[in-house]
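The block underneath contains the structure these notes are about, expressed in structure tokens.
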Amino acid sequence: MKKNMGWKELWHGDSVPAGTAKEFQTGDWRSERPVFCAENCIHCYFCWIYCPDSAITLDENKKVSGIDYRYCKGCGICDVECPTKKDKRAITMEAERK
């Protein structure tokens, strides 16, 4: 796949070949970022399942280990879907610091 492809060069049918998402690091778009607190995580995988960018990372034991900010757009879905209690949140959103 060509780098820096313009919209006119995208594939027809609104699809791209499998495995090309890693070429599009979209993390610099966000205005808010999720912050992961490992000690509050119950490893329900809701954040991992619902993340549209596959930015939630798992460790070698298949437990949630953090967030890959190269791909995270800061949409906040992980925070909304996280079932942990209000005072012990595993994921919270905060303003992006540049």
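The values are calculated or read from the model by the stated rules, or taken from the named source; none is laboratory data. The model shown is predicted, which means the values in this text are computed figures rather than measured ones. Note: ideal-geometry Cβ built from the backbone for every residue, glycine included; neighbour counts use all protein chains shown.
Here are the numbers:
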{"read-out": "Residue within region 36-49 that is modelled with pLDDT of 65 or more, outside any loop (DSSP other than H, G, I, E, B) and out of contact with any helix residue (DSSP H, G or I) (no Cβ under 9 Å at 6 or more places or on another chain) present", "value": "yes"}
{"read-out": "Leading residue by the ranking (modelled with the lowest pLDDT) among those in region 1-35 that are part of a loop (DSSP other than H, G, I, E, B) and charged (D, E, K, R)", "value": "LYS2"}
{"read-out": "Among residues of region 50-96, those that are over 24 Å from GLU23 (Cα atoms), touching a residue at least 60 places away in the same chain (Cβ under 8 Å) and part of a loop (DSSP other than H, G, I, E, B), counted", "value": "0"}
{"read-out": "Condition met for LYS73 (among the basic types (Lys, Arg) and at pLDDT below 65)", "value": "no"}
{"read-out": "Lone qualifier among ARG97, ARG89 - being under 19 Å from TRP29 (Cα atoms) and surrounded by fewer than 18 Cβ atoms within 10 Å (Cβ to Cβ)", "value": "ARG97"}
{"read-out": "Any hit, region 26-34, residues being surrounded by fewer than 17 Cβ atoms within 10 Å (Cβ to Cβ) and touching a helix residue (DSSP H, G or I) at 6+ places or on another chain (Cβ under 8 Å)", "value": "no"}
